[in-house]
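Presented below is the structure to which this report refers.
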Amino acid sequence: MKLLLVEDDAMLGAAMKRGLEKAGYVVDWAQDGDEALGGLSAQAYETVILDLSLPQVDGIEVLKRMRARRDTTPVIIVTARGRGDQKIDGLDAGADDYLVKPFDLDELLARIRAQIRRAEGRVNDVLRVKDVALDIGARLVRRGDAAVQLTAKELRVLDVLMRRAGRFVSKDDLENALYDAAGGVESNTIEVTIYALRKKLGTDFILTARGLGYMVGK
């Protein structure tokens, strides 16, 4: 799952990016409002974590412009502005949630999972396809009654495929789920990862169609 982190404080932003990536997310980090709007124009994200006190364009204006162009990406404001009227302004501008600094990373992660569940119409953090279950929050995979150990890349690819069960996912989309905007893409990463997943989850669990990509759930 890919997130956009919008935070101008270099130390805090770097720490948040590391924490979110450790939790299994791919994170693009924008350090001002213009950069955030540019990223949102070029890339789809599951959730935006948005500071309000930003250079160039402040967070409230970023949010208003998103909603004006009918961008419905969930937005969690994370800011030091904690007065009641400031929270109301943020929520009225179109934010889905509001978290005041300082905050606990685990709470932020729980709020991100809640926004993604809501956007996908799910009631919990477990995805199920055939006999495979993926607990998103715990990052655990089971096939039947047996636990399956996956690498970080394997988990990310499986996550994308299971969220889109019954639909083909292109190689480009899978690469996008593995790398942030600053990362280089290795040409055979997806093929190697799919091969490893088939060995662990069954050769018939992931289907391939030339020109379409990969699919689970059929």
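The values are calculated or read from the model by the stated rules, or taken from the named source; none is laboratory data. Remember, it's a predicted structure, so these values are computed and weren't measured experimentally. No Cβ is skipped: glycine too gets one built from the backbone with ideal geometry, and neighbour counts run over all protein chains shown.
For the stretch 25-49, filtering for residues that are crowded, with 20+ Cβ neighbours inside 10 Å, within 19 Å of K153 (Cα to Cα) and of a type outside the set (D, E, K, R) leaves 3.
Here's the yes/no breakdown for (1) crowded, with 18+ Cβ neighbours inside 10 Å; (2) at pLDDT below 95; (3) among the aliphatic types (A, V, I, L, M):
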position	(1), (2), (3)
A23	yes, yes, yes
D51	yes, no, no
R69	no, yes, no
I76	yes, no, yes
T79	yes, yes, no
Q86	no, yes, no
D89	no, yes, no
D96	yes, no, no
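Return yes or no: is K2 basic (K, R), within 14 Å of the chain's Cα centre (by Cα) and loosely packed, with under 14 Cβ neighbours inside 10 Å? Considered against the rule, which asks whether it is basic (K, R), within 14 Å of the chain's Cα centre (by Cα) and loosely packed, with under 14 Cβ neighbours inside 10 Å, K2 comes out as no. Picking from residues in the stretch 135-152 that are part of a strand (DSSP E or B) and touching a strand residue (DSSP E or B) at 6+ places or on another chain (Cβ under 6 Å), the one that is surrounded by the most Cβ atoms within 10 Å (Cβ to Cβ) is V141. Can you tell me which residue is nearest to the chain's Cα centre (by Cα) among those in the stretch 55-87 that are over 24 Å from D104 (Cβ atoms) and of a type in the set (V, I, T)? Filtering the stretch 55-87 for residues that are over 24 Å from D104 (Cβ atoms) and of a type in the set (V, I, T), the one nearest to the chain's Cα centre (by Cα) comes out as T72. Which ranges mark the helices (runs of 4 or more DSSP H) fully within the stretch 1-80 that have 1 or more residues being under 21 Å from D92 (Cα atoms)? Counting at least 1 such residues, we get 33-42, 59-68.
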